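Here the structure is laid out as structure tokens; the discussion comes afterwards.
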Amino acid sequence: MATDFLEALADSNAVGLYIEEGISMCGGEAELYREVLASFCDDLQKRLSFLVSAPMDENGMKDFIIQAHAIKNLCAVVGAGPLSLDALNLELDGKAGDFGAVKKNLPAFREKLLLLLEYLDEIPLEGDFSETGTEIAAFDG
């Protein structure tokens with residue numbers, strides 16, 4: 001049921017996820033947001049793995065910047081604005097060639113993303129909720 005899904009996300013602000021923003025980015029459709037979150041988790045796991053293993057040299061930095069940019073956009077779409085901003089800062093540090101800033105800030109960013117993924121792992125992102133009326137008004141928290 002969509003309300004169960006939304007209620008499960010009630011304390012998501014603690015991990016930097018603002019569901020009202022994410023649902024709004026999905027046209028006010030909670031079911032679409034649920035699908036986007038499921039896709040987000042899959043994509044983020046792959047990108048995060050690459051991000052933390054990218055070599056911190058000139059060649060690796062180019063790939064790092066691409067991944068940071070993608071994570072920035074992924075986070076923005078699901079309503080994880082603070083994480084999107086962190087990714088933007090890493091992307092800009094990479095573009096500036098500031099390897100020191102990237103190395104300094106990447107571990108904390110990685111931890112935040114892992115906490116978000118761990119949180120979302122407990123949320124029912126699978127299943128069909130489309131018959132229950134999934135407008136944003138269904139969320140009261």
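Bear in mind these aren't lab numbers, they're just calculated from the coordinates by the rules spelled out. Because the structure is predicted, anything quoted here is derived from the model rather than measured. All Cβ positions, glycine included, derive from the backbone under ideal geometry; neighbour counts span all protein chains shown.
A few comments on the model shown:
- Backbone geometry of the stretch 71-83 corresponds, through the Karplus equation with coefficients 6.51, -1.76 and 1.60 at θ = phi - 60°, to 3J(HN,Hα) couplings of 5, 4, 5, 4, 5, 5, 5, 8, x, 9, x, x, 6 Hz, x marking Gly and Pro.
- Rg ratio (alpha-carbon, reference 2.2 N^0.38 Å) - the stretch 1-40: 1.05
- Residue by residue, the stretch 25-39 carries 3J(HN,Hα) couplings of 5, 9, x, x, 9, 5, 5, 4, 4, 4, 5, 5, 4, 4, 5 Hz when phi is fed to the Karplus relation 6.51 cos²θ - 1.76 cosθ + 1.60 (θ = phi - 60°); x denotes Gly or Pro.
- Each residue of the stretch 62-69 was assigned a 3J(HN,Hα) from its phi angle through the Karplus expression (A = 6.51, B = -1.76, C = 1.60, θ = phi - 60°), giving 4, 5, 4, 4, 4, 5, 4, 4 Hz with x at Gly and Pro.
- Ranking CYS41, LEU114, LEU51 by how far each Cα lies toward the positive end of the dipole of the chain (charges on Cβ) leaves LEU51 at the top.
- The value of relative contact order for the chain, using C-alpha pairs under 8 Å at least six residues apart, is 39 percent.
- Highest-fluctuation residue, LYS72, LYS62, LYS46 considered, GNM on the chain with Cα pairs under 10 Å: LYS46
- If only the Cβ of Lys and Arg carry +1 and only the Cβ of Asp and Glu carry -1, the dipole of the chain around its Cα centre is close to 920 debye.
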